[in-house]
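Take this structure first; my questions come after.
The values are calculated or read from the model by the stated rules, or taken from the named source; none is laboratory data. As the structure is a prediction and not an experimental result, all values here were calculated from the model. Cβ placement follows ideal geometry from the backbone for every residue including glycine, while neighbour counts extend to all protein chains displayed. We work out accessible area using only protein heavy atoms, side chains counted, and drop any ligands, DNA or RNA first. Shrake-Rupley method; radii C 1.70, N 1.55, O 1.52, S 1.80 Å.
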Amino acid sequence: MVLRGILLQFLVITIMKYAKGQNSDNSSTEIPLLDNLNMPLVALFDTTKLNQVLKIAIKKTVEDTMNEMIPRIKQAVLEDIGYEPGRKRERPAFTASLTPTKSLASNEVVVFDKIWLNMGGVYSQDTGVFTAPKTGLYSISTTVMAYHNSDLHCYLWKNNEKVVLAFGNDLSTGTLNVVMALKLNDTVYVKHADASERIYGDHRSTFSGYLITE
């Protein structure tokens, strides 16, 4: 019974860390005791290891609590705003321009190589093709600039269908702004019409589009 009482006092004083007589470095504490004859005694206990154990335990408890809370907080925020930014309701949009001035072959797709915006990864700078990620109404625009003393004929295509023509001549531009009803995975691109024509680069020829509404 005496030993149990000693241990109980020891644990209470150590955990609270406010025991009377505790050293300033928290390495030990003095605990008042009574012997069998009720004579005052003093026992000195080394609490260094226990302090370390408590610090580790407290740190782990805090980390575990935060790991549990963060997903809950995130979920609460997502439920409050209704979607996850940059994911579910990201509006598809892209803008690209042409860097090099080049000659175009007959029926060559114009690959606008410099991407300025590509939300949702809807435009491929390798193929020059925009792919609709969802069904809806899209605004599509293109500007093509003809080279000096050269004509330039470029059509806007939807899948395998020629839609409208953009024409430029001698450093002038042809510009198209259209609204297109596209279905999921429909493709839109700019294709050259005739051989032996040059298109001006230097970011003066562009291709862009965005989802207006689903």
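Limited to region 156-214, what total is found for residues that are more than 14 Å from residue 131 (Cα to Cα) and basic (Lys, Arg)?
4
Could you please tell me which pairs satisfy a Cβ distance under 7 Å, a separation of 6+ or placement on different chains, a first residue in region 148-176 that is open to solvent by 40 Å² or more (accessible area, probe 1.4 Å), and a second residue that is of a type in the set (S, T, N, Q)?
Pairs that qualify, where the first residue is open to solvent by 40 Å² or more (accessible area, probe 1.4 Å) and the partner is of a type in the set (S, T, N, Q), are 151/169; 159/187; 170/149; 170/150; 173/143; 175/143.
Hey, another quick one. Can you report the number of residues in region 194-213 which are surrounded by fewer than 18 Cβ atoms within 10 Å (Cβ to Cβ) and outside any strand (DSSP E or B)?
6
For region 184-202, how many residues are within 17 Å of residue 159 (Cβ to Cβ) and of a type in the set (A, V, I, L, M, F, W, C)?
Residues that pass the stated criteria total 3.
Being open to solvent by 70 Å² or more (accessible area, probe 1.4 Å), charged (D, E, K, R) and not in a loop (DSSP other than H, G, I, E, B), is that true of even one residue in region 117-133?
no
Related question: Which strands (runs of 3 or more DSSP E) sit wholly inside region 137-191 and have at least 3 residues that are within 21 Å of residue 121 (Cα to Cα)?
151-158, 173-182
Another one. With 123, 138, 210, 147 as the choices, which residue is closer than 16 Å to residue 102 by Cα and of a type in the set (Ser, Thr, Tyr)?
One residue alone meets the criteria, 147.
Something else about it: Which of the residues belonging to region 48-94 are under 30 Å from residue 213 (Cα atoms), open to solvent by 50 Å² or more (accessible area, probe 1.4 Å) and either modelled with pLDDT of 80 or more or in a helix (DSSP H, G or I) (or both)?
Scanning region 48-94 gives 74, 75, 76, 77, 79, 80, 81, 91.
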